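Below you'll find the structure, written out as C-alpha cells, and then a few comments.
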Amino acid sequence: MEYPITRDYIRFGNSRSGQKISKVRFIVSHDTGNPGSTAYGNRNYFDRSQPSASAHTFIDDKYILEIIPLTEKAWHVRYNVTTDNRMFGDDANDAAIGVEFCHGGKINFQEAYNRYVWYHAYLCDKFNLDPKRHIVAHSTLDPSRRSDPQNALRPHGVSWEEFINDVQESYNRDFKGIPTSKPKPVVAGVSTRLPIRRGNTGAFVKEIQQDLIKAGFPLPRYGADGSFGPETETAVMRFQKRYGLAVDGLVGQATLRKLEEVIKQGNSTHEEFPLPDGVWGRGDKGEEVRMIQRALKHINFDPKMIDGSYGPLTEDAVRRFQSMYAALADDGIYGPNTKKYIQLELNDM
Ligand SMILES: [Zn+2]
C-alpha cells in the first residue's frame, strides 16, 4: 500500500519560522480537535492566520498534506512540558515531526486512519525510527491539557496500543526490506496550481463550489460535484462581478480570499455571538457558559456539545484557543483577555 504525499507549504510567519530541525528523533501524534476540519481547511487557516502553533502534516480521508517541510521546526507541543525531554532528550518542537489527524464531520474515518497509520510508518522509515519506541501521543507529553489523538481514535474503537500495532504492521509490510531508493509518491499541492479554472476536477474544486453555494451563488444543476464546468464558471463570474473583482471565471488568490471573507461575514451577520464579562471556568454553568460555547463553536468547539456547562471539553477548547496567542495564559479559564481575543478572532473570520 502506498499513498501520495502532497507538499503544499504555508508561507513564513508565526506558524512557520523556517528554523531547521537538526535531527528528527521522534514523532508526536495529534488530532486537530476540530471535528470536520479538513487537511486543506487547516492548511489555509495556518497560512492565512499564522497562529503561534502549527504542525508539519495534516491528514484527512483525501490528503496527506505536509504544510511545513520536515526539515523545519513546527510548534506543536509546549516548550515547558518536560516529558519529551525525559523520554527523548529534547523538546518536541526541536526534534519531532508533528502529525495531525483530521476527523469528524464528513471525513471518512477509515480512509483518514489508513493514511495516518501509513504516514507514521513512512516517517519511521524515513528517519530510522522504531514504531514502538519513537512515536508518542500529544496527551502523553502534555496530559494536563491534551487528550489527542486518543480523543479522535477511541470513539472508533481504536486504542493507542492498537494504533501503534497498526503502524508497526504497515512498517513491516510497506517499508521494511523495500529498497529505500524506491521513490515515494509525492505530488505538488493543489494551491500551487492556482488559478483553478474550467476543466479542473477534484476535492479542492468541490470545496470552492461548496463555498460559492454558501456565499449565495447556487449551482442548481450539478451542485458541488467536484467538476469545474460552465455552471461553476458562471457562478464564479457572477461572484467576481458582485464583489468588484476581475471577471475572468478563474479562481486565484483574490477570488479565494474574497470568497472566504464573504462566507465569514455572512455567518457573523446571521448569527450573533455576545460574550459574557467576568471570569468563567471549570464547574460553572448557565447561559453565560452557553454564550462562550456558542462563540467557540465557530473556532474549535463541537456544536453538538453546547450544553451550558463548563466541563473538560469547554476547558480544552478554551485552552486550545489560548495556546494560539502568546499573550494569553493557557489556563482554560475564560476571562476579559480571552474574551477580547475571541472577539478579534471572530471579527477576523
Ligand atoms: Zn496535539
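When the strands (runs of 3 or more DSSP E) confined to segment 1-75 are screened for residues that are within 15 Å of the ligand (Cβ to nearest atom) and open to solvent by less than 10 Å² (accessible area, probe 1.4 Å), those reaching at least 3 such residues are found at 26-31, 57-59. Within segment 116-147, restricting attention to residues that are away from the ligand (no atom under 16 Å from the Cβ) and touching a Pro at 6+ places or on another chain (Cβ under 9 Å), the residue that is nearest to residue 33 (Cα to Cα) is 121.
Take the residues in segment 296-328 that are modelled with pLDDT under 85 and over 20 Å from the mean Cα position of the chain (by Cα); name whichever of them is surrounded by the fewest Cβ atoms within 10 Å (Cβ to Cβ). Step by step, filter segment 296-328, then rank; the result is 327.
Does at least one position in segment 129-138 carry a residue that is charged (D, E, K, R) and either assigned to a strand (DSSP E or B) or in contact (Cβ under 8 Å) with a residue 40 or more places away in the chain (or both)? No - not one qualifying residue is present in segment 129-138. Annotation note: Cβ proximity below 8 Å between a residue of segment 105-116 that is at pLDDT 95 or above and a residue that is aliphatic (A, V, I, L, M) (sequence gap 6+ or interchain) occurs for 112/59; 113/153; 113/158; 114/1; 115/59; 115/64; 116/59; 116/99.
Does any residue of segment 96-115 turn out to be away from the ligand (no atom under 16 Å from the Cβ), open to solvent by less than 20 Å² (accessible area, probe 1.4 Å) and either over 20 Å from residue 62 (Cβ atoms) or not aliphatic (A, V, I, L, M) (or both)? Yes; the residues of segment 96-115 include at least one that is away from the ligand (no atom under 16 Å from the Cβ), open to solvent by less than 20 Å² (accessible area, probe 1.4 Å) and either over 20 Å from residue 62 (Cβ atoms) or not aliphatic (A, V, I, L, M) (or both). Only residues that are closer than 25 Å to residue 31 by Cβ, of a type outside the set (Lys, Arg) and part of a loop (DSSP other than H, G, I, E, B) were counted in segment 274-312, giving 10.
Could you grab me the full set of residues in segment 148-165 that are within 14 Å of the ligand (Cβ to nearest atom) and either among the aliphatic types (A, V, I, L, M) or open to solvent by 10 Å² or more (accessible area, probe 1.4 Å) (or both)?
Those that are within 14 Å of the ligand (Cβ to nearest atom) and either among the aliphatic types (A, V, I, L, M) or open to solvent by 10 Å² or more (accessible area, probe 1.4 Å) (or both): 148, 150, 151, 152, 153, 160.
The values are calculated or read from the model by the stated rules, or taken from the named source; none is laboratory data. All of these numbers come straight from a predicted model, not from anything done at the bench. FYI the Cβ positions are ideal-geometry reconstructions off the backbone, even for glycines, and counts take in every protein chain you see. These accessible areas exclude ligands, DNA and RNA; they are computed on the full protein's heavy atoms, side chains included. Shrake-Rupley method; radii C 1.70, N 1.55, O 1.52, S 1.80 Å.
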